[in-house]
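What follows is a short report on a single structure.
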Amino acid sequence: MRRMGAHTMGTTSKPPDGVESSPNRDRSGDGEPAIAVENLSKEYGSGDEAVRAVDGVDFEVEPGTAVGLLGPNGAGKTTTIKSLLSLIVPTSGQVRVDDIDVHDEPGVAYRRMGATLEGARNIYWRLTVKENMQFFSALAGNDPREMGDRHDELVTQFGLEGKADTVVRELSRGQKQKVSLACTMARDADVVFFDEPTLGLDVESSLDLRSELRNLVEDEGTTVLLSSHDMDVIEDVCDRVIIMNEGHIVADDTVENLLSLFNTQVYEVSVTERLDASIRDRLESTFDADNFERLPNATRFEVSVTTDEFYELVDELRSADLSVESFDAVEPDLEEVFLKITDDEDANERDRKATERKTETVSRATNP
Amino acid sequence: MSNTRKTASAADDSTGRSDSADLSLAGGLTLLRELFIKRFRIMLRYRVNFLAQMLASYLFFAVLFFGGQAAVGSVGGNQAITETLDGVIVGWFLYTMAQSAYSSLPGNVTQESEWGTLEQLYMSPYGFGPVMVTKVVVNIFQSFLVGALMLGLILLTTQRTLAIDVLTIVPVTLLALVSVVGIGFVFAGLALVYKRVESVSQLMQFVIVGLIAAPVAGLSPLRFLPLVQGSSMLQDAMRNGVRLWEFPAFDLGILVGVAAVYSLAGYAVFLVCSRVARRRGVMGHY
């Protein structure tokens, strides 16, 4: 199984060890990236109590693509997004949006970018849908009286027809989040940021919103950077995923490549015989077999194997005189990839710290 | 995937999208207009709360006035309160406006944080400072409106008559309020960093009463505090009919100077606090 190393710190968008360059990046020769983040770090507090929330993050986002930031709580996703938006002053690093330095010229950068940061919040619940769009459009430097057609278009695009003159607080949560999204788009931004855009939504509303987010990229050519805990959201919306853990990037690749990188495939195996304890133990220890199920005329279980291990599995089953009824590949999801990578990263970190402690002990012993 | 990337110059006429953000004076006036519209729409939709505030302020004055009049009358001193009645009315008129002008900005910051819209205001190409200054203009206008309404009610209730020379009252009151807005900026900045500052902020209402009542004589250092000079001049204008151009140039200079110094200093503190809030990553917290 391929393991992913920590993201290499550097001044360019360099993929981590073991990760191939994404096709999106290869298009960067056509022009400037929509978002360029260079050695971004953020430390809260000082001295012994200092907490490094983001640590040397580098990446670029191609125009008209969607990139997802994925990571567990405390990974640094929100701090990264807010630093990109100049809502947080980073300790070091540079952020450019459409080649404008966000921290040197925030006013100029805000003409190009917008954000939905808190789902259904971010808008005025006592105003109607249209009134909100008018206000946020004016806040972004547009004259709402000239933007009526665009606002009507957004209302239609987000399926809010019939609700345009409804006060937002009377809408469902899913509709509120759509209004929030529409208000961000009413800013007429090229680059938009979403922090947990589907948080708290039911499945249907979440699917609906993902579709709208994807449309922003495909139909409007908007550049999207979103963070989410929901792996399905990233898979559905994004072209590329950046996985963060403990403040730094641990993986950065296209969603497709990342899924294929995790080349362990889960198979559901059915054999016609019952399994005795010894073969079951061997399958569990060698092939991570689990979910054993005894059917009337068969036994079913799942195994996690690499391509090479698959043949070993077949040999194992044959040597145990088991007749295979079927092998069904189970589609891997990003969550498995994400958990695997962050687990590996944590294991690497533990190994590194253990090595450091060991070295320190040896050093103290030799230099008392 | 069709990557039809937008650019700032690539307007789509069919959707009415603008070529670029208009950040000129006209754009700023558009923002001001939209902030006015938003404020009054929200006020209308929270109308019960707004009316209750007005009623509470009026009742407070009525209790103070009629209660005080009854108390003084019971000991045969009715003449004393009559002499100072006009002063109390003008003081109350200024107090309601100053309290509103001062507290509205920190109140805006706390409220917008709770609504989750503060960071959206920050992300305006006009800049956070100018957006908040525009909000202050709306706040002062609202304060004037509330003050004028209150003054009308009080004059009707007390059957008193005051000199209402708009050309004098408006600039004097405006400059007096601008000085106190500077303090509002300081507390708004503290609200950005520390969030809940209402308790400290509420203490300010007693300070405002003290500033309005403070005596002005010669080169008293009190004249250099916010509101003090403005309050004295407003009393002269409304009780004695003094016109704007009849005030000594020195008094007018102090009025303008105090307004400029406090508002600019308060604004500077606010900008520093907003940077501190961004450095600590607490801009949108509440």
Toy charge model, Lys and Arg Cβ at +1, Asp and Glu Cβ at -1: segment B:24-280 dipole around Cα centroid in debye, rounded to 20, equals 860 debye
Rounded to the nearest 0.05, FRET efficiency between B:Ala26 and A:Val330 (Cβ-Cβ, R0 45 Å) equals 0.15
Listed by chain and number, the residues whose amide H is under 5 Å from that of A:Leu70, excluding neighbours fewer than 5 places away on the same chain and using placed H, are A:Ile242, A:Ile243, A:Met244
P(r) of segment B:243-286 over all Cα-Cα pairs, 5 Å bins starting at 0, rounded to whole percent, reads 5, 19, 14, 14, 10, 9, 9, 7, 6, 6, 0
Rounded to a whole %, the carbon-and-sulfur portion of the accessible area of segment B:24-280 at a 1.4 Å probe is 71 percent
Taking every residue of A:127-139, the Cβ atoms of other protein chains inside 10 Å of its Cβ average out to 5
Excluding ligands, DNA and RNA, the carbon-plus-sulfur percentage of the accessible area of segment A:49-198 with a 1.4 Å probe reads 40 percent
Averaged over the residues of A:110-116, the number of partner chain Cβ atoms within 10 Å of each residue's own Cβ comes to 4
Phi angles of segment B:93-109, converted by Karplus (6.51 cos²θ - 1.76 cosθ + 1.60, θ = phi - 60°) into ³J(HN,Hα) in whole Hz with x for Gly and Pro, give 4, 5, 4, 4, 6, 5, 4, 5, 5, 6, 7, 5, 5, x, x, 4, 4
Measuring from its Cα centre, segment A:23-261 shows a charge dipole (+1 at each Lys and Arg Cβ, -1 at each Asp and Glu Cβ) which, in debye to the nearest 20, is 860 debye
Between A:His103 and residues 5 or more places away or on another chain, the pairs with built amide H atoms under 5 Å apart involve A:Val95
In whole Å, largest first, the alpha carbons of segment A:156-286 cover along the principal axes 68, 32, 28
Asserting the computed 222 nm helical MRE of chain B (DSSP H runs at least 4 long, -39500 (n - 2.57) per run, divided by residue count, to nearest 500) equals -26000 deg cm²/dmol
Cα extents of segment B:24-280 per principal axis, largest first, Å, are 62, 43, 34
Phi angles of segment B:154-159, converted by Karplus (6.51 cos²θ - 1.76 cosθ + 1.60, θ = phi - 60°) into ³J(HN,Hα) in whole Hz with x for Gly and Pro, give 5, 5, 5, 5, 8, 6
Ordering A:235-241, A:175-181 by per-residue average of other C-beta atoms within 10 angstrom, highest first, gives A:175-181, A:235-241
Computed ³J(HN,Hα) along segment B:49-66: with the Karplus parameters 6.51/-1.76/1.60, θ = phi - 60°, integer Hz and x for glycine or proline, the list is 5, 5, 5, 5, 5, 4, 4, 4, 5, 5, 4, 4, 5, 4, 4, 4, 6, 5
Everything considered on the Cα gyration tensor (a ≥ b ≥ c; rounded for a/c under 1.5, else prolate if a/b is larger than b/c, else oblate), segment A:265-330 must be described as rounded
Counting other chain Cβ atoms within 10 Å of each Cβ in A:76-89 and taking the mean gives 3
Check: C-alpha center segment B:162-206 vs C-alpha center segment A:193-265, spacing in Å is 47 Å
Counting every C-alpha pair in segment A:23-261, the percent lying more than 30 Å apart is 24 percent
Taking a ≥ b ≥ c as the square roots of the eigenvalues of the Cα gyration tensor, with a/c under 1.5 meaning rounded and otherwise prolate when a/b exceeds b/c and oblate if not, segment A:182-252 is oblate
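The values are calculated or read from the model by the stated rules, or taken from the named source; none is laboratory data. Everything numeric in this text was worked out from a predicted model, so none of it was measured. As a convention, Cβ positions derive from the backbone with ideal geometry for all residues, glycine included, and neighbour counts pool all protein chains shown. Protein only, heavy atoms only, side chains kept; ligands, DNA and RNA dropped before computing areas. Shrake-Rupley method; radii C 1.70, N 1.55, O 1.52, S 1.80 Å.
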